Amino acid sequence: MSNDKRKPWYKRPPVLSVIVAASAIVVAIIIWLCPNSSPPPDFSISVSPMQGSVRQGGTTQTTVSVNGIYGYNYPVTLSSEQLPGLAIAFIPQSGEAAPGYTSTIKINAGLNLPASNYTIKVTGTGADGKEHVCKYTVTVLELPSPPPVEPYMVYSDIGIAAGDVWVWSGADWGLEPPILADGSYLKGNAPEGDECYAVTSGAGNDNYIGWGIFLGIFREHKLVTPHTMDLSGYNSLQLRVKTPVNLKVEIQENNAEGVKSSPCMISNYGWDSNLPGTWQRVTIPKSSFRNVNLTAIFCPFMVTGNGNRVTFYIDEVMWVP
C-alpha cells in the first residue's frame, strides 16, 4: 500500500482513543472547578437623594432602597453610625431583600449642632452576614436671627445709633461751605421731642448738603473700627422730614468703602412737594434699598439735598419691624 493511501496519524484508532480520553478529562476538571458560572446571591442598597439640608433644630429625610440580586432572599437590616447632635431613624429598619423594600431615613439636627456638612454612613446587613454601605450628606444651616420686636432708632432726641455723624457738601468741590449742620437743632414743633437735625447748604445752584449715621468706633470723627447692623429683619425705614426740595436717602454696607444702595427719592415714599413747611412722614420699604447686603449695614441712614442755600430738617429716623 502506498503512503498516499495511509490514514493521517491522528486518525488512527489508537491515537483517537487517547485524544478522546484526554478531552473528557479536561472537561471534567473544568466542570469540577467551575460548577456554576453565575455570580453568587447578593443585595444592593442606594440612597436617593444623596444630599440635603436642614436647619438647626429641624428635621429632614431621604430614602434608602434595598434590592436582592442573583436570587438573594435574606432579610436586610439598616443601621448608621450615630453622629453627635444628629438623631437618625429608619422606617422600617428591616425588610426582605426579595423582591426588595424602601426605608425612610429621618434625620433630626440638634439646636446646638454647628452649621456644617455631615456625612452619614448607612450600612445594610443581611441575615447571612453580607454588608453593603451607602452615604448621605446633610448640610446643617444656622437658624435665622429672630425677627426684631422693637424699632431700631438711628436718630432721635435720645441720640444716635452707636457710631458717628459724617457731613458732606459742595465744599468738598470748592463750593461755599454749608451754612448750618446741627444735629441738636432746637425746633419747637419737632415731631419727636424738642430737637431735630437741621442743615442748610451753601450758595450756588449746584451746591448740596448731606449727612449720615455710620456705625463703629471713631476718634475725632475718624473711623477706627467699622461695625455693621443686620437690618434684614426690619420692614422699612421711617423718618420725619420738613423740606422744600426732594431728598435722596441711601444706606451703605460693610465699611467706609462699602457699596451704597440704590438711591430712594422721598417723593416716591410719601413726601408731598406742595407742603414744604409741614413735617411729613416718609416710609421706605427695605426692598427699595437694592444692591446691598442688609445683614451687614455700616450706614443705616444717609440723606442728601441739592440746591442754593436749601434748608431741610430731619427727625425721628428709625427702622421698624
Karplus-derived 3J(HN,Hα) from phi for the stretch 126-139 (6.51 cos²θ - 1.76 cosθ + 1.60, θ = phi - 60°), whole Hz, x at Gly and Pro, runs x, 5, 8, x, 5, 9, 9, 10, 9, 10, 10, 9, 10, 9
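Taking the Cα centre of the chain as the origin, how large is its charge dipole in debye, to the nearest 20, when only Lys and Arg (+1) and Asp and Glu (-1) carry charge on their Cβ atoms?
2540 debye
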Summed over the other residues with a beta carbon less than 15 angstrom from that of residue 136, with K and R at +1 and D and E at -1, the charge totals +2
Taking the alpha-carbon centre of each part, the distance from the stretch 112-172 to the stretch 47-107 in Å is 28 Å
For 178-186, 199-207, ranked highest to lowest by mean beta-carbon neighbours within 10 Å, the order is 199-207, 178-186
Ordering 68-81, 291-304 by per-residue average of other C-beta atoms within 10 angstrom, highest first, gives 291-304, 68-81
Summing -39500 (n - 2.57) over every DSSP H run of at least 4 residues in the chain and dividing by its residue count gives a helix-only mean residue ellipticity at 222 nm, to the nearest 500 deg cm²/dmol, of -2500 deg cm²/dmol
Residue by residue through the stretch 263-279, the couplings from Karplus 6.51 cos²θ - 1.76 cosθ + 1.60 with θ = phi - 60°, in Hz, x for Gly and Pro, are x, 10, 7, 5, 5, 8, 9, x, 7, 10, 5, 7, 10, x, x, 10, 5
Output ordering of 52-64, 84-96 (per-residue mean of other Cβ within 10 Å, highest first) is 52-64, 84-96
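Which value, in debye to the nearest 20, gives the size of the charge dipole of the stretch 42-141 about its Cα centre, when Lys and Arg are +1 and Asp and Glu are -1 at the Cβ? Walk me through the numbers on the way to the answer.
On the way: 5 positive and 5 negative charges, 74 e Å.
For the stretch 42-141, the charge dipole is close to 360 debye.
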Rounded to one decimal in nm, the spacing of the 7 Å Cα→Cβ label points at residue 79 and residue 281 is 6.5 nm
For the pair residue 256 and residue 117, the simple spin-label estimate (label points 7 Å beyond Cα toward Cβ) gives in nm 3.9 nm
In whole µm²/s, the translational diffusion coefficient that Stokes-Einstein assigns to the chain, given a Kirkwood hydrodynamic radius over C-alpha pairs, 37 °C and 0.692 mPa s, equals 122 µm²/s
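Any read-out appearing in this document is the output of simple, stated calculations on the displayed coordinates, not a laboratory observation. Everything numeric here is computed off the predicted structure, so don't read it as measured data. Because the Cβ atoms are built from the backbone with ideal geometry, glycine has one as well, and the counts that use them run over all protein chains shown.
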